[in-house]
Amino acid sequence: MYKMKQIHVQSLEVLQGMCKMIEGVSLKQMQGSSVQTALFKAVEHGNDEFLRQLFTANILALGIHDENAKSMFQFSIECRQEKVYNFFHEFIRIMNVRAESRVDKFNNTLLHSAARLSPPAQLKHIQCAALQMQRELQWFKVRISSYIYI
């Protein structure tokens, strides 16, 4: 338990250092840097706290996309990270931005990402194929209804 607490404290120190580092940095400078990698890893692992802290330090970080022009919001849908998805969805709603019109390098929208099968890491927690399919349909239906109202 002590070791886990120590790792958490060290992680917070790294996060604070990153936040100081990106204050006032342009989007172009963040794109392709270790900040981009860290943000996409945070999305992949569902670390919405990390994302909130970095976006508080520099709101421009929201505009970062990967090498395929995929946004972090779209990536959160592909990874089925609900906390991160909800964070982005709420932010987009508050900022009154039309996110569904954004496409990646392959002309895929957010709906394409929602329609894809979940990553194996997400599905392995659900025992049988019928329940996996039910979970996928639930995810898609909830996301479809939220896109209609964005």
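The values are calculated or read from the model by the stated rules, or taken from the named source; none is laboratory data. Just so it is clear, the structure is predicted and the values come from calculations on it, not from any experiment. Counting neighbours? That spans all protein chains shown, and the Cβs are built from the backbone with ideal geometry, glycine included. We work out accessible area using only protein heavy atoms, side chains counted, and drop any ligands, DNA or RNA first. Shrake-Rupley method; radii C 1.70, N 1.55, O 1.52, S 1.80 Å.
Okay, here's what the table says:
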item	result
Exclusive hit being modelled with pLDDT of 90 or more and not in a loop (DSSP other than H, G, I, E, B), set LEU54, LEU12, LEU62	LEU54
Matching option when the condition is assigned to a loop (DSSP other than H, G, I, E, B) and either surrounded by fewer than 12 Cβ atoms within 10 Å (Cβ to Cβ) or modelled with pLDDT under 90 (or both), among ASN68, ASN86	ASN68
For ILE59: the one exception among (1) closer than 23 Å to GLN81 by Cα; (2) β-branched (Val, Ile, Thr); (3) open to solvent by less than 60 Å² (accessible area, probe 1.4 Å)	(3)
Scope the stretch 31-56; condition crowded, with 17+ Cβ neighbours inside 10 Å and either in contact (Cβ under 8 Å) with a residue 60 or more places away in the chain or under 17 Å from GLN81 (Cα atoms) (or both); matching residues	ALA38, LEU39, PHE40, ALA42, VAL43, GLU44, GLY46, ASN47, ASP48, PHE50, LEU51
Unique residue being in contact with a Ser or Thr (Cβ under 8 Å, 6 or more places away or on another chain), part of a loop (DSSP other than H, G, I, E, B) and not charged (D, E, K, R) when the list is VAL103, VAL43, VAL25	VAL103
Yes/no for SER118 being of a type in the set (Ser, Thr, Tyr), closer than 30 Å to MET18 by Cα and surrounded by 14 or more Cβ atoms within 10 Å (Cβ to Cβ)	no
Top-ranked residue in the stretch 106-150 [being part of a helix (DSSP H, G or I) and basic (Lys, Arg); ranked as modelled with the highest pLDDT]	ARG135
Residue pairs meeting the criteria (Cβ under 8 Å; at least 6 apart or on separate chains; first closer than 14 Å to TYR85 by Cβ, in the stretch 118-143; second of a type in the set (A, V, I, L, M) and open to solvent by less than 60 Å² (accessible area, probe 1.4 Å))	TRP139/ALA114; PHE140/ALA114; ARG143/ILE77; ARG143/LEU110; ARG143/ALA114
